[in-house]
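This report concerns only the one structure given below.
The values are calculated or read from the model by the stated rules, or taken from the named source; none is laboratory data. Remember, predicted model here, so these are calculated numbers, not experimental data. All Cβ positions, even for glycine, are placed from backbone atoms using ideal geometry, and neighbour counts span all protein chains on display. The area values use the complete protein model at the heavy-atom level, side chains included, leaving out ligands, DNA and RNA. Shrake-Rupley method; radii C 1.70, N 1.55, O 1.52, S 1.80 Å.
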Amino acid sequence: MAKPEYYYGVHAVESLLELEPERVLTLFTLKGREDQRLQKILELAEPFGISVQKASRDSLEKLAGLPFHQGVVAAVRPHPVMNEKDLEQLLEQTPDVLLLALDQVTDPHNLGACIRTAAAMGVQAVIVPRDRSASLTPTARKVAAGGAEKVKFIQVTNLARTLAQMKEHSQVRVIGTMLDEQALPLQQCDLTGPIVIVMGAEDTGLRPITQAQCDHKVYIPMAGNLQSLNVSVATGMALYEACRQRNAKSL
């Protein structure tokens, strides 16, 4: 049996119990904590016979790996890692797909924030390269605040190759965000239909090999002398504009 993963934080554990309670092996809760938020978690766990153990603050910190566990940690049966085959199946089942790809975003806090926004904006999957990219760690899950259980997280061997295959076989348009002379303001680009929005790391942006797969290049207009935004903030703005256009078209 694979080693359990550890989820921590009220939002992440609550969302897991609502969506995939069968994966929860044990709940560890802080001794002496009996507030309303914890009570809701215990009520969600009770029908499934999930073991609940009281633990000290130090014990919870060791399980979570960080002190910011909010008094609750869940030992969870790990999901199989999703890959290119899962993406192919998703594309077959979802003609008007909206995807987010992150090119070498290595900070788990940024990854978690992007996933949280993706869940809120109705994105079907977040795609990342397997190497030189943050993975779905407990920290990323906590920052995602339940979003990681609502959006597919797909790791691919080669992001540029995956984008090329999506274009060829599924007619997905690739929208890359970058500062480029040929880039359009975000709101002037058609973001309806099957698309993947690609965001790069703040310091390096999209790699040239990734840029080469972009059908359209866009940028977020900004006042003043600012050149870039935090990747999770920029992701939120890009996905919001995509949702605005897609909702307007469906009216």
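Details
- Among (1) open to solvent by 80 Å² or more (accessible area, probe 1.4 Å); (2) closer than 24 Å to Asp131 by Cα; (3) modelled with pLDDT of 95 or more; (4) under 18 Å from the mean Cα position of the chain (by Cα) - the single one Val198 does not satisfy: (1)
- Some residue of region 42-63 being in a loop (DSSP other than H, G, I, E, B) and buried (at least 18 other Cβ atoms within 10 Å of the Cβ): yes
- Test: residue in region 156-167 that is under 18 Å from the mean Cα position of the chain (by Cα), over 30 Å from Pro67 (Cβ atoms) and not in a helix (DSSP H, G or I): yes
- Of all residues in region 181-205, those that are closer than 20 Å to Tyr240 by Cβ and outside any strand (DSSP E or B) total 11.
- Within region 167-183, the set of residues being of a type in the set (A, V, I, L, M) and farther than 19 Å from Leu100 by Cβ comprises just one member, Leu179.
- Which listed residue, of Gly193, Gly146, Gly122, is surrounded by 18 or more Cβ atoms within 10 Å (Cβ to Cβ) and either among the small types (Gly, Ala, Ser) or modelled with pLDDT of 90 or more (or both): Gly146
- Of all residues in region 202-221, those that are aromatic (Phe, Trp, Tyr) have Cβ atoms under 8 Å from Cβ atoms of residues that are crowded, with 16+ Cβ neighbours inside 10 Å, 6 or more apart or on another chain, in Tyr219/Thr177; Tyr219/Met178; Tyr219/Ala183; Tyr219/Leu186.
- Ala140 crowded, with 24+ Cβ neighbours inside 10 Å and under 24 Å from Gln213 (Cα atoms): no
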